[in-house]
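Student: Mind looking over this structure? Questions follow.
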Amino acid sequence: MSIQQVKRNKRKVGEILLSQGYINQQQLEHALEQHATTGISLGTVLVKLNFIDEDTLNAVLGKQLELSYRKRIGEILVDQGYITPAQLAEGLASQKSFGLPLGKCLVKLGFIEETKLLDVLAAQLDLQHINLENFKFNQNITRMVSEEMARSYKVIPLYENNGVLTVAMVDPTNLRSLDHIKFKTGKDVEPVIGTEAEILAAIGRAYVGDKDTLSDLIGGDEDKDLVLESAKEEKSDEGLVGDEEGRQIIKIVNLIISEAIRLGASDVHLEPQERNLRVRYRIDGELTEQNPIPARLMVQIVSRLKVLGGMDIAEKRKPLDGRAHIQYKGQEVDLRLSTFPMLLRSRGVIEKMVIRIIDPNTEIATLDKIGFSASVYPAINRLIELPDGILLTTGPTGSGKSSTLYAFIQRVASASVNVVTMEDPVEKNIPGITQGQINNAAGFTFAAGMRSILRQDPDVIMLGEMRDKETSEMAIQAALTGHLVISTLHTNDAAGAFTRLLDMGVEPFLVTSCVKGVLAQRLCRRICEKCKQQVQVPDVVLEGIGIRPGTSFFQGKGCNNCNNTGYRGRLALFELLVPDEHVHKMILERKSSEEIKMYAIRNLGMATLRRDGLEKALAGLTTIEQVVSVSQAEM
């Protein structure tokens, strides 16, 4: 690295902090003088002079590695101990099949984290790696590059200094992209490096100010000019939507969906009220209310969504289901739409709609990363490798059962194993797996599918749900004839699965013969890693849940990363019950689920949902409040 390049990089550290308003020009010049005199790094000088604190410096700039010479990226990663020579060889061998650069191959193979790779690349290319998560964008700067160009080149303008525009790029070696940006902006362009995810997220934040907001389109939270007289009069107005209003409806629907996807919502609830259409997003399992929409637009909005979902817009008296495929920022997104007729006093029967948002591109969590504790993971591995039997996952709707089933299937799937599934609906397509979509209207029910699935020569069968006696008995027969069956049940805990099967009418001896294990689970909110802090919980609360007084836990204080909620993402809690001979005896005697659970806790060492949650709260993954809200106290 030349002396000029070193000086340029040192000054760029200061320029980034200056552009973000963390320091002023006088402070930068003073720090550069101290750096030149002492030889101490510019960042350290700024911290020692109290111009900026160390946490802010790290948050804004990220970690930078500097090398005094250039080497091939694979050799650098091996030399610095990030990968082994064997992993490098495997990455090089996989390059051709993946069709990706070596670095991305190593990330895809799980040999190195993308952020760590980026640090090494930044050092190799003499470039700054900047953390865009906390970057404050200037609209005057971002407008120099159109959003379309930014997304196409995966680039975002950061700041301008002395006629030089600094941009963050995924691939700063792409000279064609740099030349095009230089031509469009009329500026000299200097790149810094960032991950694709960071840059796309930054583009979403930086350009949001140029878009219409929902409140701009629809005005206030109610339509004060609308007079509610009768349902008949309301219906007579439905067909009177002009071209301009029709365009407005389409725009509002697009904004509702795009905003939900941007915020990471799993569901959108559109709920008609007397004076407006209530809009709520389910984010990390919690419903959050958005700006309401005037009542005069709600019928047309629901109709527009029904058209998107291929549903009968004339049928409003019974529940309907639909599906739609859309593109959001170049990525495929699946929508599942469901209507439910409801009665309003002054409007009569009107439809509520819920939209489930499914990203088919999201990678399926592997079994080792799904969140099993050290005691549960080996037992799950043993159960998955059984040649026959039934493995059940239980929990309420929205507890992550489908994700767990997909992790199981991904683990057992191979060229020598035939896996057949029956799902309602198929949420993710897994290559090499035969996935059946239940269609009750066409006669393809779980029971009908079980009668034909055995003729498909399966080794492993996955049932979306064991809903009734007929389906359950067929699943048991499949297990008895040498197949591994994976399915779900709706019960409160693991022990409740046995009594649920007995309540369906399944004979006790069949349950004891086939059910090899039951995994209960819940989802709770994960603490935001960016603003996590240690807190003291009142002793009276700790004593109430059986924790020693004085024990410290964690919570998020709220930041931009988590929309000031203190939470970001979700975490699974698990309870695994592997029955022994005594449990089998209790099932044959039709003992209650409480008795079975008590025995499993005392004699089998079963960790309950509450216990697993408390361990994860102690580890700083979630909060006491979240654990208590999704789990029952131990007996």
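The values are calculated or read from the model by the stated rules, or taken from the named source; none is laboratory data. This is a predicted model, so every value here is computed, not measured. Every residue, glycine as well, gets a Cβ built from its backbone with ideal geometry; the counts of neighbours run over all protein chains shown. Heavy atoms of the whole protein, side chains included, go into the accessibility calculation; ligands, DNA and RNA do not. Shrake-Rupley method; radii C 1.70, N 1.55, O 1.52, S 1.80 Å.
Student: Just one of Glu470, Glu423 is in contact with a helix residue (DSSP H, G or I) (Cβ under 7 Å, 6 or more places away or on another chain) and at pLDDT below 90; which is it?
Tutor: Values: Glu423 fails: in contact with a helix residue (DSSP H, G or I) (Cβ under 7 Å, 6 or more places away or on another chain).
Criteria check complete, one pass: Glu470.
Student: I'm checking my understanding of the structure. Among residues of region 433-482 that are open to solvent by 60 Å² or more (accessible area, probe 1.4 Å) and among the small types (Gly, Ala, Ser), which one is farthest from Ser414 (Cα to Cα)?
Tutor: Residue satisfying both the conditions and the ranking: Ala441.
Student: Anything in region 396-420 that is open to solvent by 10 Å² or more (accessible area, probe 1.4 Å), more than 14 Å from Ala365 (Cα to Cα) and of a type outside the set (A, V, I, L, M, F, W, C)? List them, or say none.
Tutor: Residues satisfying the conditions are Pro396, Thr397, Gly398, Ser414, Ser416, Asn418.
Student: Report, by residue number, each residue of region 139-173 that is of a type in the set (Val, Ile, Thr) and under 27 Å from the mean Cα position of the chain (by Cα). Spell out the reasoning first.
Tutor: Step one: of region 139-173, the residues of a type in the set (Val, Ile, Thr) are 141-142, 145, 155-156, 164, 166-167, 170, 173.
If the condition is that a residue be of a type in the set (Val, Ile, Thr) and under 27 Å from the mean Cα position of the chain (by Cα), then Val155, Ile156, Val170 are the ones that fit.
Student: Next question. Right, Glu234: in a helix (DSSP H, G or I) and modelled with pLDDT under 85 or not? Spell out how you get there, then give the answer.
Tutor: Numbers: in a helix (DSSP H, G or I): yes; modelled with pLDDT under 85: yes.
Here the answer is yes, as Glu234 does meet what is asked.
Student: Of all residues in region 257-301 being open to solvent by less than 10 Å² (accessible area, probe 1.4 Å) and in a helix (DSSP H, G or I), which is farthest from Glu351 (Cα to Cα)?
Tutor: Among those residues, the one meeting the criterion is Ala260.
Student: Among (1) touching a residue at least 24 places away in the same chain (Cβ under 8 Å); (2) more than 31 Å from the chain's Cα centre (by Cα); (3) surrounded by fewer than 18 Cβ atoms within 10 Å (Cβ to Cβ), which single condition is Glu543 missing?
Tutor: Unmet for Glu543, out of (1) touching a residue at least 24 places away in the same chain (Cβ under 8 Å); (2) more than 31 Å from the chain's Cα centre (by Cα); (3) surrounded by fewer than 18 Cβ atoms within 10 Å (Cβ to Cβ): (1).
Student: Return a yes/no flag: does region 164-182 have any residue that is of a type in the set (Gly, Ala, Ser), surrounded by fewer than 17 Cβ atoms within 10 Å (Cβ to Cβ) and either out of contact with any Asp or Glu (no Cβ under 7 Å at 6 or more places or on another chain) or part of a loop (DSSP other than H, G, I, E, B) (or both).
Tutor: Checking region 164-182: not a single residue is of a type in the set (Gly, Ala, Ser), surrounded by fewer than 17 Cβ atoms within 10 Å (Cβ to Cβ) and either out of contact with any Asp or Glu (no Cβ under 7 Å at 6 or more places or on another chain) or part of a loop (DSSP other than H, G, I, E, B) (or both).
Student: Now, a different point. List, please: which pairs have Cβ atoms under 7 Å, are six or more places apart or on different chains, and start with a residue in region 497-526 that is in contact (Cβ under 8 Å) with a residue 40 or more places away in the chain and closer than 15 Å to Asp468 by Cβ and end with one that is in a loop (DSSP other than H, G, I, E, B) and open to solvent by 30 Å² or more (accessible area, probe 1.4 Å)?
Tutor: Leu502/Arg590
Student: For the subset of region 183-198 comprising residues that are more than 16 Å from Glu148 (Cα to Cα) and hydrophobic (A, V, I, L, M, F, W, C), which member is surrounded by the most Cβ atoms within 10 Å (Cβ to Cβ)?
Tutor: Ile193
Student: Residues of region 598-624 being assigned to a helix (DSSP H, G or I) and under 21 Å from the mean Cα position of the chain (by Cα), which ones?
Tutor: Those that are assigned to a helix (DSSP H, G or I) and under 21 Å from the mean Cα position of the chain (by Cα): Gly613, Lys616, Ala617.
Student: Just checking, does region 153-164 include any residue being among the polar types (S, T, N, Q), out of contact with any His (no Cβ under 7 Å at 6 or more places or on another chain) and over 20 Å from Ala206 (Cα atoms)?
Tutor: Looking for residues that are among the polar types (S, T, N, Q), out of contact with any His (no Cβ under 7 Å at 6 or more places or on another chain) and over 20 Å from Ala206 (Cα atoms), one finds at least one in region 153-164, hence yes.
Here is a yes/no grid of residues against (1) in contact with a strand residue (DSSP E or B) (Cβ under 9 Å, 6 or more places away or on another chain); (2) hydroxyl-bearing (Ser, Thr, Tyr); (3) free of Cβ contacts under 8 Å to residues at least 60 places away in the same chain; (4) assigned to a loop (DSSP other than H, G, I, E, B):
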residue: Arg304; (1), (2), (3), (4): no, no, yes, no
residue: Met311; (1), (2), (3), (4): yes, no, yes, yes
residue: Gly322; (1), (2), (3), (4): yes, no, yes, no
residue: His325; (1), (2), (3), (4): yes, no, yes, no
residue: Ser338; (1), (2), (3), (4): yes, yes, yes, no
residue: Met353; (1), (2), (3), (4): yes, no, no, no
residue: Asp368; (1), (2), (3), (4): no, no, yes, no
residue: Ala374; (1), (2), (3), (4): no, no, yes, yes
residue: Pro378; (1), (2), (3), (4): no, no, yes, no
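Student: Of the conditions (1) open to solvent by 10 Å² or more (accessible area, probe 1.4 Å); (2) closer than 30 Å to Val578 by Cα, Val349 fails just one. Which one is it?
Tutor: Unmet for Val349, out of (1) open to solvent by 10 Å² or more (accessible area, probe 1.4 Å); (2) closer than 30 Å to Val578 by Cα: (2).
Student: Hey, another quick one. For Ala201, are the conditions met, namely being surrounded by fewer than 17 Cβ atoms within 10 Å (Cβ to Cβ), under 22 Å from Asn560 (Cβ atoms), among the small types (Gly, Ala, Ser) and modelled with pLDDT of 70 or more?
Tutor: Details: surrounded by fewer than 17 Cβ atoms within 10 Å (Cβ to Cβ): yes; under 22 Å from Asn560 (Cβ atoms): yes; among the small types (Gly, Ala, Ser): yes; modelled with pLDDT of 70 or more: yes.
When the stated conditions are applied, Ala201 passes them.
Student: Out of the residues in region 512-531 that are farther than 21 Å from Met474 by Cβ and outside any strand (DSSP E or B), which is nearest to the chain's Cα centre (by Cα)?
Tutor: Out of the qualifying residues, it is Cys528.
Student: Cβ-Cβ below 7 Å, separation at least six or inter-chain, first residue in region 149-161 and surrounded by fewer than 20 Cβ atoms within 10 Å (Cβ to Cβ), second among the polar types (S, T, N, Q) and assigned to a strand (DSSP E or B): which pairs?
Tutor: Correct list of pairs: Tyr159/Thr166.
Student: Can you tell me which residues in region 483-501 are in a helix (DSSP H, G or I) and either touching a strand residue (DSSP E or B) at 6+ places or on another chain (Cβ under 9 Å) or surrounded by fewer than 17 Cβ atoms within 10 Å (Cβ to Cβ) (or both)?
Tutor: Hits for region 483-501 are Gly496, Ala497, Phe498, Arg500, Leu501.
Student: At least 3 residues that are modelled with pLDDT under 70 and open to solvent by 50 Å² or more (accessible area, probe 1.4 Å) in each: list the helices (runs of 4 or more DSSP H) lying fully within region 16-126 that qualify.
Tutor: 54-61, 85-98
Student: Between a first residue in region 458-471 that is more than 9 Å from Ala447 (Cα to Cα) and in a loop (DSSP other than H, G, I, E, B) and a second residue that is open to solvent by less than 60 Å² (accessible area, probe 1.4 Å) and small (Gly, Ala, Ser), which pairs have beta carbons less than 7 Å apart while being 6 or more apart in sequence or on different chains?
Tutor: That search, which allows pairs on different chains as well, returns Glu465/Ser487; Met466/Ser472; Met466/Ala475; Met466/Ser487.
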